[in-house]
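Student: Once you've had a glance at the structure underneath, I'll fire off some questions.
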């Protein structure tokens with residue numbers, strides 16, 4: 001395959017990603033991340049998700065937050081960056097990062113209907129378990145770094161003039177809750193509603209968001225929100241495009257008989273290859289299910305198929321490049337390594353049990 005063909009494959013992958021995800025998925029995610037960074041009180045984040053927060057509270061909260069968002073491995077990145085910047089501990093932040101793409105409820109139902117409920121149940125149980133275990137392991141290994149991150153997290157909270165909350169009108173008192181519900185609704189509609197109705201609802205929500213911003217936030221708050229949104233976009237978007245381009249090139253060079261030759265049996269090597277393929281390749285959310293069904297028809301064994309299904313939605317080369325920028329090389333290496341280890345072992349055990 002000549003260089004031109006590889007370049008075209010990479011560009012095609014970028015075009016497909018941009019057309020399918022940027023406007024209705026990634027852009028709202030950047031605005032949510034910017035609002036988290038500029039408007040959320042740091043003490044609230046550190047109280048519930050910080051290093052000193054009780055594990056029995058922090059990890060379930062992080063997992064539930066991820067479940068409620070249910071977005072792909074790239075869309076979750078700005079949100080992960082937002083809570084990390086506000087002082088969330090590395091463990092709960094990674095649990096949040098892992099859960100949203102891994103345990104998408106729609107994807108679980110889709111998995112059950114296409115591949116069978118054995119796969120679907122294994123996927124959700126193992127994904128939630130891995131999210132918590134990986135978060136605890138990394139936070140334990142890097143306690144000093146986590147404490148330093150929390151210390152360096154943004155401490156300035158831009159807020160309106162302080163008043164007794166009892167004296168505030170209902171909407172002013174709960175302005176952040178209403179504001180974030182509207183922002184998250186835009187993201188959910190953009191990822192879950194199809195056809196022209198999607199754009200009608202999004203337009204209505206944008207108008208509501210503009211009114212809320214005008215009524216409940218001063219100019220400094222609005223500027224800070226837009227500035228933080230731009231900061232996250234500038235940091236994350238170029239790295240995403242680079243990773244997606246490389247993934248597109250790698251997809252183009254894989255031989256057609258690759259799956260049957262290397263992943264047709266439930267061996268350690270087959271599960272490892274499947275996990276690595278899932279870790280480094282990028283497919284849009286939900287696409288991993290028909291891809292897995294195709295792999296099954298092409299001869300992939302059930303163990304390696306589960307290893308792929310557990311790894312693919314959670315992470316990709318593009319997301320690795322971005323995560324590294326926020327948590328450093330060492331923690332990223334451990335994070336990726338644990339995903340590969342856990343998904344490989346799970347596939348091997350599942351394949352031995354199911355056959």
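The values are calculated or read from the model by the stated rules, or taken from the named source; none is laboratory data. Here the structure is a predicted model, which means the values were calculated and not measured. Methodologically, a virtual Cβ is constructed for each residue, glycine included, from the backbone with ideal geometry; neighbour enumeration extends over all protein chains shown.
Student: Which residues, taken from the range 178-226, are under 22 Å from the mean Cα position of the chain (by Cα) and under 20 Å from residue 86 (Cβ atoms)?
Tutor: Selection gives 179, 180, 181, 182, 183, 184, 187, 225, 226.
Student: Also: Go through the range 20-61 and give me each residue that's in a helix (DSSP H, G or I), surrounded by fewer than 22 Cβ atoms within 10 Å (Cβ to Cβ) and over 19 Å from the mean Cα position of the chain (by Cα).
Tutor: Answer for the range 20-61, where residues must be in a helix (DSSP H, G or I), surrounded by fewer than 22 Cβ atoms within 10 Å (Cβ to Cβ) and over 19 Å from the mean Cα position of the chain (by Cα): 39, 42, 43, 44, 46, 47, 48, 55, 56, 57.
Student: Surrounded by fewer than 24 Cβ atoms within 10 Å (Cβ to Cβ), in a helix (DSSP H, G or I) and at pLDDT below 85: is that true of residue 79 in this structure? Walk me through it before giving the result.
Tutor: Working: surrounded by fewer than 24 Cβ atoms within 10 Å (Cβ to Cβ): no; in a helix (DSSP H, G or I): yes; at pLDDT below 85: yes.
For residue 79, the condition - surrounded by fewer than 24 Cβ atoms within 10 Å (Cβ to Cβ), in a helix (DSSP H, G or I) and at pLDDT below 85 - is not met.
Student: A follow-up question, please. When you check residue 247 against the structure, is it modelled with pLDDT of 85 or more, in contact with a helix residue (DSSP H, G or I) (Cβ under 9 Å, 6 or more places away or on another chain), under 30 Å from residue 347 (Cα atoms) and in a helix (DSSP H, G or I), yes or no?
Tutor: Details: modelled with pLDDT of 85 or more: no; in contact with a helix residue (DSSP H, G or I) (Cβ under 9 Å, 6 or more places away or on another chain): yes; under 30 Å from residue 347 (Cα atoms): yes; in a helix (DSSP H, G or I): yes.
Answer is no for this residue.
Student: Shifting gears a bit: Examine the range 188-207 for a residue that is over 14 Å from residue 31 (Cβ atoms), in a helix (DSSP H, G or I), in contact with a helix residue (DSSP H, G or I) (Cβ under 8 Å, 6 or more places away or on another chain) and free of Cβ contacts under 8 Å to residues at least 12 places away in the same chain, and state whether such a residue exists.
Tutor: Checked the range 188-207: no residue is over 14 Å from residue 31 (Cβ atoms), in a helix (DSSP H, G or I), in contact with a helix residue (DSSP H, G or I) (Cβ under 8 Å, 6 or more places away or on another chain) and free of Cβ contacts under 8 Å to residues at least 12 places away in the same chain.
Student: Do we find that residue 231 is more than 26 Å from residue 130 (Cβ to Cβ) and in contact with a helix residue (DSSP H, G or I) (Cβ under 8 Å, 6 or more places away or on another chain) in this structure? Walk me through it before giving the result.
Tutor: On the way: more than 26 Å from residue 130 (Cβ to Cβ): yes; in contact with a helix residue (DSSP H, G or I) (Cβ under 8 Å, 6 or more places away or on another chain): yes.
Yes; evaluated as a whole, the condition is true for this residue.
Student: For the range 251-351, which helices (runs of 4 or more DSSP H) that fit wholly inside it have 1 or more residues that are under 27 Å from residue 37 (Cβ atoms) and free of Cβ contacts under 8 Å to residues at least 60 places away in the same chain? First the steps, then the outcome.
Tutor: Values: elements: 258-263, 268-280, 288-297, 302-311, 317-327.
Helices (runs of 4 or more DSSP H) meeting the threshold: 317-327.
Student: Within the range 137-181, restricting attention to residues that are in a loop (DSSP other than H, G, I, E, B) and at pLDDT 80 or above, which residue is nearest to residue 218 (Cα to Cα)?
Tutor: If we filter the range 137-181 for residues that are in a loop (DSSP other than H, G, I, E, B), which is where we start, we get 142, 153-164, 168-169, 174.
The next check asks that each one be at pLDDT 80 or above; those that pass are 142, 174.
On the way: 142: 39, 174: 15 Å.
That would be 174.
Student: Which residues, taken from the range 310-321, are at pLDDT 90 or above and either at positive phi or surrounded by 24 or more Cβ atoms within 10 Å (Cβ to Cβ) (or both)?
Tutor: 310, 311
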